[in-house]
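Data block below; observations after.
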Amino acid sequence: MRIAFAYPPLGEKGRYPLLGQNRQFRYSTSSHVRIYPLIPATAVTLLDESYDSILLDGINSRIGSEAFLRRLDRYRPDVVVLETKTPLMPKLWRWADELKERFDTVIMVGDHVSARPRESLERCRADYILGGGDYDLGLLELTRHIAEKDEPLPGGVWYRGGGGPRSSGDPAFWDDLDRVPFIDREKTNWRLYGEAYLHDPCTYVLSGRGCGGAGGSSGRCSYCSWQHNLWRCTSRLRTPANLAEEIALIVEEQGPKEIFDDNESGAVWNLEWLKAFERELSKRGVKGEVAISSNARADSLNRETCRILARGGFRLLKIGLESGNDRTLKRIGKMETSGDIERGVKNAKEAGLKVLLTVMVGYPWEDEGMVRKTLDLAGRLLRYRARIGDSLQASIIVPYPGTPLHREAVEEDLFAIDPEDYAAYDMSRPVLESPIDPAHWCGRLWRLHYDPRFLVRSLASVRSLGEMMLAARGVSSLLGHTGDFGK
């Protein structure tokens, strides 16, 4: 049995879709955003223990359709797996039909089909829809069912039965994340991936799955398709020893300069976990041997947590600001105030950590005055103790199917487009009605990097050639991002 986890080459006119391991989708002209698809890479590693599997990324390898199909034809897979995202569904349905003409079985996974599984069985020739976020485990069990007919169909599968699409029940989830195998990074071409704000070469890990917050709460942001469609609004962590063991193996075998924890909020929300993780890194002799960066929620960033992170070798935290308005933060279920976020960001910077802020604009209820408040707060936090490596990402809010924000937009008639026009969800235009021009304000947020005060403070902090190279890549990527949203 041969299984290919494949990303068809879906780029157009020099713009490439940010599909794998991306929560907020858009096309980008930047060549620096190639995020390692961690769950697919884990799936390929897991499947390869019993079968034969490959990861063929036609997007990030920048190959054309003919070359992509030639590689698949040479491999001759029995099963082809496609990850889905709402803006790409019309294209992916066509690809599913094309691949079904060549190969026996086509499976679709990801947040869109988890929210709307029946739809894809009706719109294309895919054989199975596999829901939930632990589709690495689900794919192994489904492959066993395909290869050995006496194996039961796992949970979370939609398939064609008598009378139309049928479901096998709730998706399968790992009960113990330490059972998940360490990714075979050579097999999954780890050097292909990286981002401008990370030291090169870099690679990625998952400390767990799902978004954790202060006090052990789980994130429920109303726009988050991963938390609502993939993780059931839960947060699970691997043990500190298990993650430290994987990092020690990565340092030994791949030797990257930086490792990024792309779990939704990392493990930063669990102070006791962080203390144990620092001990485990020290025990294996890798503490400080490689820079570690992570996603994080600001409400978890008290001074003690930030000190432990800095002491343990963490370099940068990617923190969601999303809006400078408490009314918006409450309405989207952020469970943080702007004051909480400002305090957490400042704690991180005071501990010597770099910070990458993420911001969104285009909420239907935010007028120009409210967006200016977000711009002011983002600028103030970016400039605060600015050092090389501090940065910001801005995007336009998109309500994906399956999320509370999407349901709210349908019920309150907030859409600026036909809600079923999936191609329009690509962030090239507002999906929701807005009293402002979201693309204009998104561009203004990106251009905060050009603020003379930020530039002078950042450049004055450069202490090494590596930091200078990081700055150069950042400028190149910034030019691409500002081009994405106009000037």
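The values are calculated or read from the model by the stated rules, or taken from the named source; none is laboratory data. Quick caveat: nothing in here was measured; it's all calculated off a predicted structure. Here the Cβ is made from the backbone with ideal geometry for all residues, glycine too, and neighbour counts use every protein chain on show.
Close contacts from the range 223-236, counting a first residue that is outside the structural domain of GLY20 (by TED's automatic domain parsing) and surrounded by fewer than 22 Cβ atoms within 10 Å (Cβ to Cβ) and a second that is polar (S, T, N, Q) and assigned to a helix (DSSP H, G or I), with Cβ to Cβ under 6 Å and a gap of 6+ residues or different chains, come to CYS233/GLN227.
Residues that are free of Cβ contacts under 8 Å to residues at least 60 places away in the same chain, part of a loop (DSSP other than H, G, I, E, B), buried (at least 24 other Cβ atoms within 10 Å of the Cβ) and in the same structural domain as ARG444 (by TED's automatic domain parsing): does the range 291-299 have at least one? Within the range 291-299 (the criterion being free of Cβ contacts under 8 Å to residues at least 60 places away in the same chain, part of a loop (DSSP other than H, G, I, E, B), buried (at least 24 other Cβ atoms within 10 Å of the Cβ) and in the same structural domain as ARG444 (by TED's automatic domain parsing)), the answer is no, since none of the residues qualifies.
Among the residues of the range 101-124, which ones are under 17 Å from MET1 (Cβ atoms) and assigned to a helix (DSSP H, G or I)? Once the filter is applied, which keeps residues that are under 17 Å from MET1 (Cβ atoms) and assigned to a helix (DSSP H, G or I), the range 101-124 yields only ARG102.
Within the range 233-258, the residues that satisfy the criterion of being under 24 Å from SER218 (Cα atoms) and aliphatic (A, V, I, L, M) are LEU237, ALA241, LEU243, ALA244. Does GLU350 fit the bill of being charged (D, E, K, R) and either over 19 Å from ILE388 (Cα atoms) or surrounded by 19 or more Cβ atoms within 10 Å (Cβ to Cβ) (or both)? In short, no. For the range 374-392, the candidate set comprises residues that are touching a residue at least 60 places away in the same chain (Cβ under 8 Å) and in a strand (DSSP E or B); within that set, the residue that is farthest from ALA439 (Cα to Cα) is ILE388. Within the range 44-64, residues that are surrounded by fewer than 19 Cβ atoms within 10 Å (Cβ to Cβ) have Cβ atoms under 7 Å from residues that are among the hydroxyl-bearing types (Ser, Thr, Tyr) in these pairs: TYR51/THR143, counting only partners at least 6 apart in sequence or on another chain.
Pairing residues of the range 260-272 that are at positive phi with residues that are modelled with pLDDT of 95 or more and buried (at least 24 other Cβ atoms within 10 Å of the Cβ), at Cβ distances under 6 Å and at least 6 apart in sequence or on separate chains, gives GLY266/SER207; GLY266/ALA296. Taking ARG26 as the residue in question, decide whether it is buried (at least 20 other Cβ atoms within 10 Å of the Cβ) and modelled with pLDDT under 95. Criteria met by ARG26. Screening TYR16 on (1) touching a strand residue (DSSP E or B) at 6+ places or on another chain (Cβ under 7 Å); (2) assigned to a helix (DSSP H, G or I) shows it passes everything except condition (2). Considering the range 313-341, and only residues there that are of a type in the set (Val, Ile, Thr) and in a helix (DSSP H, G or I), the residue that is farthest from the chain's Cα centre (by Cα) turns out to be THR328. Condition check for VAL371 on (1) part of a helix (DSSP H, G or I); (2) surrounded by fewer than 24 Cβ atoms within 10 Å (Cβ to Cβ); (3) among the aliphatic types (A, V, I, L, M): one failure, at (2).
Evaluate the following for ILE319: is it touching a residue at least 24 places away in the same chain (Cβ under 8 Å), farther than 22 Å from TYR425 by Cα and buried (at least 23 other Cβ atoms within 10 Å of the Cβ)? For ILE319, the condition - touching a residue at least 24 places away in the same chain (Cβ under 8 Å), farther than 22 Å from TYR425 by Cα and buried (at least 23 other Cβ atoms within 10 Å of the Cβ) - is met. No other residue among PRO171, PRO152, PRO181 is in contact (Cβ under 8 Å) with a residue 60 or more places away in the chain and either in a loop (DSSP other than H, G, I, E, B) or assigned by TED's automatic domain parsing to the domain that holds ILE250 (or both) apart from PRO181.
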